[in-house]
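What follows is a single structure, written as structure tokens, with notes after it.
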Amino acid sequence: MSLRHQRIQLKKTKQAWKIAEEIFLSWGIATINDMATGKEEFKVYQQLQKENRLRLNVGMWLWGRTQMSRTGLQNEITTLGIESGFGNEQLNVQGIKFMIDGSVGGKTAAVAEPFEGTADNYGILYLKQSELNERFKKSVQNNLRISVHAIGERAIEMALQAFEYAEVEKYPHIARHRIEHAILPTEDHLKRMQKLGIIAGSSIGFLYSIGDGYVNNLGQERVKRAFPHQTFKAYGIVAPGNSDLPVTEGNPFLGVYTAVTRTTSSGTKTDRTESLSVYDALRAYMIDAAYGNFDEHKRGTLTVGKKADFMVVSHDPFVVQEEQLKDIQVMATYVEGVVQYRVGEEVKV
């Protein structure tokens, strides 16, 4: 790629970021985690910050292994000596990201029982246990937190075996590793996650936007135990909510609505055994999300001494009917006490 082409591409990415950032702010979001940060994104975020054009807080998870048309960076990261925490309060490296299995919608998540309507489709695994073990070990030995995409039971088992092989408990300063999605953990998995202090990065928003596909591909019985937020809570496992944008819309109130009602966008109601209260659903996107970034001392609640990251909303979520939770609108978003978004008003950058 020529230098001129690189410059054009960087300019386009910055323009796209400005549009995306405005949408994030319209959803009341003050901090994002980029779970697939590559070389170009890493460069763009740095330039935006130096140009004083970064209005959000960004946690970067650097893509570890070449797959899904993305170049793996683990060797470069460790050679350079980049560690979790590199950066500053607004822009920093959270850790390294790996991906084990596929999706429920595509019937590629590595499940324990065949997908509905199939006799022998158990999903796929993208890599062998031995490779994942060594990648995890190398990560923690180089002071990098680990995030790993694992949806089905077989993928979650593989992730936990790798965490155990890497002896993550011996590196307490590199803690709060994450299993992203963690949709179908078994009781044994939950016990091991609790022991290791693993965070469940729950994409509870899936159940709203693409939940009908979950019901069709998993069946009602398996969906009952999918996204097990009440069970996570019982085991003391922190489970921040997320959308996995662009897989689903990033509006957190859709995730809050789903965590409470366990209802899909078509109105299909699933079992509510794992439903959360409104308070706990909001907590997943605020307090627990801050904890997941080691930000609980400065973000997540409106407390003296913390950053004033907050939103003004159209309705009180503790007063409206459950069905109205998904319709709550953000009227204004403040980042460190400065209004960065207000309905009907264009904020100058």
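The values are calculated or read from the model by the stated rules, or taken from the named source; none is laboratory data. From a predicted model like this one, the values you see are computed outputs, not experimental measurements. Virtual Cβ from ideal backbone geometry, glycine too; neighbours counted across all protein chains shown. Only protein heavy atoms, including side chains, enter the accessible area calculation; ligands, DNA and RNA are left aside. Shrake-Rupley method; radii C 1.70, N 1.55, O 1.52, S 1.80 Å.
Can Leu25 be described as modelled with pLDDT of 95 or more, of a type outside the set (Val, Ile, Thr) and closer than 20 Å to Pro246 by Cα? Spelling it out, Leu25 is indeed modelled with pLDDT of 95 or more, of a type outside the set (Val, Ile, Thr) and closer than 20 Å to Pro246 by Cα.
Taking each residue of the range 74-88 that is under 12 Å from Leu144 (Cβ atoms) and open to solvent by less than 30 Å² (accessible area, probe 1.4 Å) and looking for partners that are acidic (Asp, Glu) and assigned to a loop (DSSP other than H, G, I, E, B) with beta-carbon atoms closer than 9 Å, six or more apart or interchain, yields Ile77/Glu83.
When the test is whether a residue is of a type in the set (S, T, N, Q), assigned to a strand (DSSP E or B) and either on the phi < 0 side of the Ramachandran plot or in contact (Cβ under 8 Å) with a residue 60 or more places away in the chain (or both), Asn133 does not pass it. Looking across Glu169, Glu187, Glu153, Glu157, one residue alone is open to solvent by 10 Å² or more (accessible area, probe 1.4 Å) and without any contact (Cβ under 8 Å) to a residue 12 or more places away in the chain. It is Glu187. Evaluated against (1) surrounded by fewer than 23 Cβ atoms within 10 Å (Cβ to Cβ); (2) of a type outside the set (A, V, I, L, M, F, W, C); (3) in contact (Cβ under 8 Å) with a residue 60 or more places away in the chain, Gln194 falls short on exactly one condition, (3). Within the set Ile8, Ile32, the sole residue that is hydrophobic (A, V, I, L, M, F, W, C) and more than 25 Å from Ala289 (Cα to Cα) turns out to be Ile8. Close contacts from the range 44-68, counting a first residue that is within 12 Å of Trp17 (Cα to Cα) and a second that is surrounded by fewer than 15 Cβ atoms within 10 Å (Cβ to Cβ) and of a type in the set (Val, Ile, Thr), with Cβ to Cβ under 9 Å and a gap of 6+ residues or different chains, come to Arg53/Val349; Arg55/Val338; Arg55/Val347; Arg55/Val349. Contact map, the range 213-232: first residue on the phi < 0 side of the Ramachandran plot, second residue open to solvent by 10 Å² or more (accessible area, probe 1.4 Å) and in a helix (DSSP H, G or I), Cβ cut-off under 6 Å, separation 6 or more or different chains; pairs are Val223/Val215. Going by what's in this entry, would Glu41 be described as open to solvent by less than 60 Å² (accessible area, probe 1.4 Å) and part of a helix (DSSP H, G or I)? Yes. Evaluating Ser26 against the criteria (1) touching a helix residue (DSSP H, G or I) at 6+ places or on another chain (Cβ under 9 Å); (2) open to solvent by 10 Å² or more (accessible area, probe 1.4 Å); (3) polar (S, T, N, Q) leaves one unmet condition, (1). When residues in the range 3-23 are screened for being under 30 Å from Asp327 (Cβ atoms) and either open to solvent by less than 40 Å² (accessible area, probe 1.4 Å) or small (Gly, Ala, Ser) (or both), 4 of them pass.
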